[in-house]
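Working notes, structure below.
Quick note: the coordinates plus some simple rules give every number you see, no bench work behind them. None of the values given here were measured: they were computed from a predicted structure. Every residue, glycine as well, gets a Cβ built from its backbone with ideal geometry; the counts of neighbours run over all protein chains shown.
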Amino acid sequence: MPAPPPANPTTTETPEEAYARLHPRLVEVAYLLMFDWAGAQDVVQDAFAAAIPRWSGIEDPAAYLRRSVTHGAYRAARDRKRRTEKHGRAAAGLGDHVDRIDLIIDQIRDLPAKERAVVVLRFYLDLPIAEIADQLQMRQGSVGPTLTRALRRLEGGLPA
């Protein structure tokens, strides 16, 4: 397993160095938000492609990329859900590359996208409430109730 990223990444890190350090974890986060391995990789690539032209002006590249990936995966999952509802349920295939997260997938798959995002950011990335609110562009006071609703659904097996 790779070493954890430094606590305070610096802007002196090149895009290539940031890619090597952040890419695997960002793909996992995107996958947990959208349950589509190829789509998750695309979302992360798009985030890096959008960041590179403005790289020198980004104060915290890791936070910027996390936010970009979170929003991209959230949009992609929402759009895919709309398409599948419109055209019928499509079979969701899981990639072999995500063995270590397969155990939790069934538990969070049916959560609404916002609740799923809060759960992933809080428990998978261990982000504080303030950063989750920033990443999802929601009020800090809304994060706790959203997380509570998600956890109640997970504990009780209630339909999303």
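Determine the gain in length on full extension of the stretch Ile105-Ala38; use 0.36 nm per residue of separation and subtract their C-alpha separation, reporting nm with one decimal. Here the segment from Ile105 to Ala38 would lengthen by 22.5 nm. Placing pseudo-labels 7 Å out from each Cα toward the beta carbon at Ala63 and Glu16 gives an inter-label distance of 2.8 nm.
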